[in-house]
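Presented below is the structure to which this report refers.
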Amino acid sequence: MEINFVREPALRHLRCKAVLIRGGYDPHLRKIELVGECWCRKTLVHETFHTLSYFTRDENLVEKFLGEWRFVVEGLTEFLTGIVLYSERHTRLCYERWLAKTHCACSISYEAYVRIFGALSHVVLPLDSYASIFLYRRGVDWNESYRSFLARYKLPDILRDWEGPSDLEALLLDGIEREYGREKRGEFEKLLEEDLEVVLNYGRMVRGGVLSSSDGPI
């Protein structure tokens, strides 16, 4: 893996004027690029997660990640980045500044999708469940892992070409009500509207099938 520090984004899938470019990872070149003064430690953690991901290492998934699955996968990657920031909150200010959007460079990216994964992890999904569909394992069939993941947690297919996060929210609301009941749907719906400090409090999310009741370390 190579890391480049540049003044302007050069990776072909980063050349987009509609969003602030802080950095990126090119799965074809296996190169992280960090741009000017737009990046911070959060950016490096996020891009490092990309290097570990099925979506950039499995050749059958790379083009889907760069295309129709991009925003939901980026949201999941940013959500996992938050776990790292939260785990270091007593020694670094990154988590606090990430939530508060203190500086543009270290504020949350893909926030609407991050909220969705945060709400899911309060209500349905244990934090450690994401590893099976995200962290690359040589010789493991990702499609089988993904099918098992959806079946185990009774979820609809979340990796699609969504027009926006509201479509994913609507699908999950219906699915949670059908599989878990109205009360769980209500919890999920309420969390989607909560402050970031609530929905992204990793210390209170489900862990190994048990909802934590503390703000302790992960």
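Among what's in segment 70-104 and is small (Gly, Ala, Ser) and over 13 Å from residue 45 (Cβ atoms), pick the residue that is surrounded by the fewest Cβ atoms within 10 Å (Cβ to Cβ). Per the criteria, the residue is 100.
Table: residues versus (1) more than 17 Å from residue 205 (Cα to Cα); (2) part of a loop (DSSP other than H, G, I, E, B).
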residue: 46; (1), (2): yes, no
residue: 49; (1), (2): yes, no
residue: 59; (1), (2): yes, yes
residue: 64; (1), (2): yes, no
residue: 71; (1), (2): yes, no
residue: 78; (1), (2): no, no
residue: 83; (1), (2): no, no
residue: 92; (1), (2): yes, yes
residue: 102; (1), (2): yes, yes
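So is residue 136 surrounded by fewer than 19 Cβ atoms within 10 Å (Cβ to Cβ) and either in contact with a strand residue (DSSP E or B) (Cβ under 8 Å, 6 or more places away or on another chain) or under 21 Å from residue 65 (Cα atoms) (or both) or not? The answer is yes for residue 136. Annotation note: of 150, 80, the sole residue that is closer than 30 Å to residue 182 by Cβ and within 14 Å of the chain's Cα centre (by Cα) is 80. For segment 135-151, does any single residue satisfy the condition of being over 20 Å from residue 80 (Cα atoms) and aliphatic (A, V, I, L, M)? Yes, segment 135-151 contains a residue that is over 20 Å from residue 80 (Cα atoms) and aliphatic (A, V, I, L, M). Criterion applied to 95, 86, 113 was being within 22 Å of residue 193 (Cα to Cα), touching a Lys or Arg at 6+ places or on another chain (Cβ under 6 Å) and of a type in the set (Phe, Trp, Tyr), and the one residue passing it is 95. Go through segment 30-54 and give me each residue that's under 26 Å from residue 138 (Cβ atoms) and at pLDDT below 90. Residue satisfying the conditions is 33 alone.
Results for (1) β-branched (Val, Ile, Thr); (2) modelled with pLDDT of 95 or more; (3) farther than 28 Å from residue 57 by Cα, shown as yes or no for each residue.
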position	(1), (2), (3)
119	no, yes, no
142	no, yes, no
148	no, yes, no
172	no, yes, no
180	no, yes, yes
191	no, yes, yes
209	no, no, yes
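Just one of the numbered conditions (1) of a type outside the set (S, T, N, Q); (2) surrounded by fewer than 13 Cβ atoms within 10 Å (Cβ to Cβ); (3) over 24 Å from residue 53 (Cβ atoms) is not true of residue 175: (2). Taken over segment 114-161, the criterion of being part of a loop (DSSP other than H, G, I, E, B) and of a type in the set (Phe, Trp, Tyr) is satisfied by 136, 153.
The values are calculated or read from the model by the stated rules, or taken from the named source; none is laboratory data. Note that this is a predicted model, so its numbers are computed, not measured. Heads up, the Cβs are rebuilt from the backbone with ideal geometry, glycines too, and the neighbour counts pull from every protein chain shown.
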